1. In whole Hz, with x marking every Gly and Pro, tabulate ³J(HN,Hα) for region 321-327 from phi via Karplus 6.51 cos²θ - 1.76 cosθ + 1.60, θ = phi - 60°.
2. Compute the relative contact order of the chain as a whole-number percentage, counting only Cα pairs closer than 8 Å that sit 6 or more residues apart in sequence.
3. What is region 191-314 by shape, rounded, prolate or oblate, if you read a ≥ b ≥ c off the alpha carbon gyration tensor as root eigenvalues and call it rounded for a/c under 1.5, prolate for a/b larger than b/c, and oblate otherwise?
4. Rounded to the nearest whole Å³, what is the per residue volume of the convex hull around the Cα atoms of region 270-317?
5. Set the bar at 31 Å for Cα to Cα. Now go through Lys233/Lys394; Lys12/Lys54; Lys115/Lys142; Lys82/Lys404 and name every pair that lies beyond it.
6. Would you kindly derive the ³J(HN,Hα) couplings of region 244-257 from the backbone phi angles with the Karplus curve 6.51 cos²θ - 1.76 cosθ + 1.60 (θ = phi - 60°), listing them in order in whole Hz, with x for Gly and Pro?
7. Hey, could you get me the Stokes-Einstein D for region 68-147, Kirkwood radius over alpha-carbon pairs, 10 °C and 1.306 mPa s, rounded to whole µm² s⁻¹?
8. Taking amide H positions as placed in the peptide plane 1.01 Å from N, state which residues far from Leu181 in sequence (5 or more) or on other chains have amide H under 5 Å from it.
Amino acid sequence: MDKIQDAIDILKIYNQEHIINLLEKLEGEKKQELIEQINKIDFHQLKELYDNTKKEIEIKENKIEPLPYLDKAKLSKETKEKFDRLGEEVIEKGEYAVVTMAGGQGTRLGHNGPKGTFKLDVYGKGKYLFEILTENLKEANKKYGTTIPWYIMTSKQNNEDTYNFLEKNNYFGYPKEYVTLFTQGELPLLDKEGKLLIGKDMKIREASDGNGGTYFSLRASGCLADMKERGIKWIFIGGVDNALLKMADVTLLGMAVDKGVQIASKSIVKANAHERVGVFGKMNNHPKVIEYSEMPEKMAEEVDENGELKYGEAHIMCNLYTIDAIEKISKETLMYHSALKKNAYIDENGREIIPEEPNSYKFESFIFDAFEFFDDIAILRGKREDDFAPVKNKEGVDSPKTAKELYEKFWNNQN
Ligand code: UTP
């Protein structure tokens, strides 16, 4: 009884009366589930997140400076060999693990199912994104005579589908005992008026809390402890939706070892000064991915003595960490960003509404916001045509069509 009253009280305080109406209609287990859900939600935090969506983004007086990087294509033969050897040693000794962030909703792609289960139409038969990632890891295992432990982050929504898909496909031949699925946290979605959405299951709609949730979830799920037990020293974290992602790049790894840094990242050069991507820089003396909206236009156009953009290194979700770095970040609080997205909901007449336009805020923390907890980061510039074939949109840029072309072009050149 107390729990019901607690739930009603809090809903009243935060103007969520439509959920009280729902609660009154439900019975038995469904009612209990909703009460439990309400009592777990941090309404104060949610209100703050909603209020922030109404505030003008204030661009503070920040000291922005370029960050040095090394260009993989321009390394001397000796340096490249030194880095490669150092990186190979880490992997050969079994001190390397890989994390795939696969908890996103993939709303722009609109694929029915987890993004990793999307089949890219390559070489006639097609390949699933998970299959492409597995092939990349299997190739590394063969090269370095080891099996790299692979941790896949899912969301509460897609965990079961992801698990069933991988089981059905026998993990595309990856040794199952080296694959661990773990689930990330969630936050409720809010409509434009700050109201909670009701889902088809008569619960409050929640969605994964952004790829910045990876760090906390690695620790909370026990994966970090598992990594320690296995003697892992370096961890690569990448997305699920880049068909050219190189998850075991020994040059990147060796460079990080050589420089003695805690974090490293692979970049690609911006297509032009105004490409809408986040770029690496130093902000107030700490490494940061500066979003295009945060970068004054003039600064975005600045070039160095070689005519290259000073802020030209785009972040491509290709990040590397020591295990100590992950441990440290997992205990920090990352800020949340909001994004308006399309999310279906049940209206007051019980009908499911599938919106055609973005209708609700999703709150997400970003993986790269953790860089500022460090003094330094090592950046290796890769190549767009070798390293980046994202599958984001249904059509146009960064779509299955562009990813297919990039993927096939890359592999045709290898053979
Ligand atoms: P995006 O930010 O591009 O999001 O994710 P998305 O979910 O794939 O697509 P949209 O924006 O809804 O269309 C970049 C990477 O981060 C992962 C994604 O799975 C992808 O690999 N991600 C994103 C998570 O693992 N969890 C999240 O909460 C968000």
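We did not get these values from a lab; they are worked out from the coordinates using the rules stated. Since this is a predicted model, take the numbers as computed values, not measurements. Here the Cβ is made from the backbone with ideal geometry for all residues, glycine too, and neighbour counts use every protein chain on show.
1. 9, 6, 5, 5, 5, 4, 4
2. Value for the chain: 22 percent.
3. Here region 191-314 falls in the oblate category.
4. Expressed per residue, the convex hull around the Cα atoms of region 270-317 is 81 Å³.
5. With Cα atoms farther than 31 Å apart: Lys233/Lys394; Lys82/Lys404.
6. 10, 5, 9, 7, 10, 8, 5, 5, 4, 5, x, 4, 5, 5
7. 102 µm²/s
8. So Leu181 has HN proximity to Ile152.
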